[in-house]
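Each remark here refers to the structure printed beneath this line.
What follows is calculated from the coordinates using simple rules that are stated; it is not laboratory data. Source: prediction; values computed, not measured. Quick reminder, even Gly has a Cβ in these numbers, built from the backbone with ideal geometry, and neighbours come from all protein chains shown.
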Amino acid sequence: MKKDDYMKARGFELVIDNHRKFEDVKLPLRGSKTSAGYDFYSNNEMVRLKPDEEYIFWTDVKAYMLSDEVLKIYIRSSSAIKHGLVLKNQVGIIDSDYYSNVKNDGNIGICIKNNANYHYADIFKSDRIAQGIFIKYLESDNCNSIKDRVGGIGSTNK
């Protein structure tokens, strides 16, 4: 069997060129062979977050997965414990139909907030900023949505 003969189940790709914000992008990787989470990296040269400040890090990465899966994005525990950083929305939810949407090609944005009230948080290019975990989910018997996603963040309520 050749590599192209199988259906891809889940993984990461770069967004298409006209939706990219950076040239040198690192795809998410697991820190060890049994890590559940895939580390996402900053593409920015340097971002300084003052106390209570937030910033959206565009990853230029999109995730593909099976239709009954979701990618959950969490802050890295070391970022939270050592530096007081949190995700603004606590847990990011990347649905399977976010992949290659027309508005931003599925570009995953991660909004980080400095929850500490006493220091600056400096985040540099290639720093690990969050981690994503693929998870299966179940549908209820009365799942009644017939809508298709047509855009990016916040597009399912329109």
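Per DSSP helix of 4 or more residues, -39500 (n - 2.57); summed, then divided by the residues of the chain. What does that give at 222 nm, rounded to the nearest 500? Theoretical 222 nm ellipticity from helices: -1000 deg cm²/dmol. Using 0.36 nm per residue and subtracting the Cα-Cα separation, the extra length available between Tyr118 and Asp141 on full extension is 3.4 nm. Counted by neighbouring Cβ atoms within 10 Å, the residues Lys113, Lys33, Lys72, Lys136 run from fewest to most as Lys33, Lys136, Lys72, Lys113. Our estimate of slack between Lys125 and Ser77, defined as 0.36 nm per intervening residue step minus the Cα-Cα distance, is 15.4 nm. Expressed in units of 2.2 N^0.38 Å, where N is the residue count, the Cα radius of gyration of segment 11-94 is 1.17.
Filter the cross-link list Lys72/Lys125; Lys103/Lys147; Lys33/Lys62; Lys72/Lys103; Lys88/Lys147 down to pairs whose alpha-carbon distance in this structure exceeds 24 Å. Flagged as over cut-off: Lys88/Lys147.
Each Lys or Arg adds one and each Asp or Glu subtracts one; over the other residues with Cβ under 12 Å from the Cβ of Arg20, this totals -4. Taken over the chain, the convex hull of the Cα atoms encloses 155 Å³ per residue.
Residues Phe124, Phe12 in ascending order of nearby Cβ atoms (within 10 Å, fewest first): Phe124, Phe12. Within straight-line reach of Lys82, meaning a Cα separation under 13 Å, sit the following aspartates and glutamates at least 8 residues removed in sequence or on another chain: Asp122. Sorted fewest first by neighbouring Cβ atoms within 10 angstrom, Glu54, Glu69 come out as Glu54, Glu69.
For segment 37-137, the dipole from Cβ point charges (+1 on Lys and Arg, -1 on Asp and Glu) about the Cα centre works out to 260 debye, to the nearest 20.
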